[in-house]
Each structure stands twice: as structure tokens, then as C-alpha cells.
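Novice: Here you go, one structure.
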Amino acid sequence: MQTASTNVIVEKRGAEGWITFNDPAKHNAMSLDMWVAVEPALAAFESDDEIRVVVVTGAGDKAFVSGANISQFDKLRSSADAVAEYEKVAEGAQNALYNFPKPTVARIKGYCIGGGLNMALCCDIRIACESSSFAIPAGRIGLGHRLTAFRNLITATGPANALDIFLSARRIAAHEAQRLGLIQHLATEETFEKTVHEHLDRITANAPITLRVGKHMIRRFQDMPSEIDIKKMHEMVLSCYASEDYQEGKQAFAQKRAPVFKGR
């Protein structure tokens, strides 16, 4: 099985299902169509009993996913209704990956930024090439950052490191990313593919039902506490997109200048 749709390649490679974000000219920046393609790809892999593990990766050597496709923001993330619809689609894709019952592996080479890091943190295992770099630059553009994305970041790195990563919006090299917990495994350029495939082989050799049950239990321990007002958190994310700072962040990015934020 191999299908290509809207810059997403979906392949079956023996017991492995591969989802490749395929827009290397834009460093695999996530377009709305790419977000939309994630859920049906995962649904197909879930229903195929031969698939034991799913790999999520980016095409080329420059990027896993370099973030959202900001060129679409004026069209797709300007009005309140458009932002709400975009958030629904992107959140749906991330939740589908996070809750996918079979093991998932993020194969990371190059930029893993913003929405790309969100996607990687939805995966069970993250393996990166040492040339990779990581960041959550929401604060530099005025974007809202989803509660579920914060949950995954905090689970991986702990609250203190999550605060540093998010508040600074700094670029993080691969060796530091491993130390912080953003990735579990790091390989050199020469050993990267071997490392990935050895790990996939270990997973596919294990009992699928046992892995599914264990993953479900671990995920339930990661669930957000019931006292969190999830609706309020969602409204706070949307308020970022309703701000003047968001408009300034988009304009500054397009004009290749530093934004001037006013906190309103």
C-alpha cells in the first residue's frame, strides 16, 4: 500500500506503517490539508492487523516538520470561525496520534519546530539525528499553544524545563533536546537509519496485545487532571488569535522583521 495525498505520503512497509510529511521545499511546514490527512492514515493503519508500529517522519534531510505553514494564516487563521476550525482539525490530528493504540515512532531529521514538535511529542518514541533542532516559537509570533500540547511537553520534560522551552522560544540542539527529554534516542548521521530500524525491529518482535494494553495504561496516567477547566483553556488559546499581537506577529514574519508586541 502506498498513497500520496496533499503532501502526505502513506505507506505500508511490511509490519510498519509510514506517514511522511512531504513538502521539503517548505521544510515540511504543516498545511491544513496535511493536518486533515493524518486521521484517515492512522485509521487505515489501526484497522490493518499486519501493522505493528507506525512511523511519522518528514521528507528530505532538512526537516521533520518546521512548524505550521504560516503563509496560510491570513486565509485560514484570521477570523474567529476560521481559527476555531483550524484548531479543531489540528487538535484532532494530534489527538488521533496521541491516542493511537499501536506503538508510534517519530523519526526526526532536521527542524522539529512548533507544530512539528507537538506531533513528535504525540508519538511514543522519538529518535533524532544529531543535526536536528527543536523549538516552540509561539511566543515570537503571538500564537496560541494547545493545552494538550502543553500536557505532552510537560510529560516529556517536566514543568521547569517546559517553562524554559516555551517562555524563551529558543532553538534547542539535539544533544540538549535529549537531556531535556524532548527525544529519547539520538544518533549520528552515519548511524541514524540503522538506529531507527533496529528500534522498529525490536517493537515489531513484541506481542501486539501486550504493547497495546501497556500503552493504554501509560497514556491514562498522562491524562489531564479532571479539575482543569478544559473549555476555559481552549478559550484562552483562541484569545491569542484574537489579539493585536497575533496580527503583528504574522506581519512581522511576512516582512522578515522583529515583531513589536504590545500585550493587547
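No value in this document is a laboratory result; all are computed from the given coordinates. Keep in mind that what you see is a predicted model, and the values were worked out from it rather than measured. Cβ: placed from backbone, ideal geometry, glycine included. Neighbour counts: every protein chain shown.
Novice: Looking at the chain, what % of its DSSP beta bridges pair antiparallel, to the nearest 5?
Specialist: 35
Novice: For the chain, evaluate the Debye formula with one uniform point scatterer on each Cα (no solvent term) and list log10 I(q)/I(0) at q = 0.07, 0.08, 0.10 Å⁻¹, rounded to two decimals.
Specialist: Calculated log10 I(q)/I(0) at the listed q: -0.23, -0.30, -0.48.
Novice: While we're looking at this one, here's another question. How long are the semi-axes of the equivalent ellipsoid of the range 125-167, defined as square roots of 5 times the Cα gyration tensor eigenvalues? Whole Å, largest first.
Specialist: Working: eigenvalues 68, 41, 20 Å².
The three semi-axes for the range 125-167 are 18, 14, 10 Å.
Novice: Here is a follow-up. With equal scatterers on the alpha carbons only and no solvent term, can you work out the Debye log10 of I(q)/I(0) for the range 162-221 at 0.12, 0.25 1/Å?
Specialist: -0.50, -1.00
Novice: Rg to Rh for the range 47-174: what is it, with Cα atoms only and Rh by Kirkwood? Let's see the in-between values first.
Specialist: On the way: Rg = 14.8 Å, Rh = 15.3 Å.
Value, to two decimals: 0.97.
Novice: Okay, next question. Among G17, M119, L180, which residue has its Cα furthest toward the positive end of the charge dipole of the range 2-204, with +1 on Lys/Arg Cβ and -1 on Asp/Glu Cβ?
Specialist: The residue sitting farthest along the positive end of the dipole is L180.
Novice: Give me the aspartates and glutamates in straight-line cross-link reach of K262: C-alpha distance below 17 Å, same-chain residues under 8 apart excluded.
Specialist: Of all the aspartates and glutamates, those that pass the test against K262 - Cα under 17 Å, at least 8 places apart if same chain - are E244, D245, E248.
Novice: State which entries of K12/K88; K88/K231; K26/K250; K102/K231; K26/K62; K109/K250 exceed 20 angstrom in Cα-Cα distance in the structure shown.
Specialist: Cα-Cα > 20 Å for K12/K88; K102/K231; K109/K250; rest within.
Novice: Rounded to the nearest 20 debye, what is the charge dipole size of the chain about its Cα centre when +1 sits on each Lys and Arg Cβ and -1 on each Asp and Glu Cβ?
Specialist: 540
Novice: Further question on the same structure: With the chain treated as a Gaussian network of Cα nodes joined by springs under 10 Å, which of H145, H216, H175 yields the largest mean-square fluctuation?
Specialist: Of the options given, H216 has the highest mean-square fluctuation.
Novice: Per Stokes-Einstein, at 20 °C and 1.002 mPa s, what whole-number D in µm² s⁻¹ belongs to the range 156-195, with the Kirkwood radius over Cα pairs as the hydrodynamic radius?
Specialist: Estimated diffusion coefficient is 192 µm²/s.
Novice: So what's the angle, to the nearest 10 degrees on a 0 to 90 scale, between helix 159-168 and the longest Cα principal axis of the chain?
Specialist: On a 0 to 90 degree scale, this one is about 50.
Novice: Okay, moving on. Taking only Cα atoms, what is the 0 to 90° angle, nearest 10, from helix 80-98's long axis to the longest principal axis of the chain?
Specialist: So the inclination is approximately 20 degrees.
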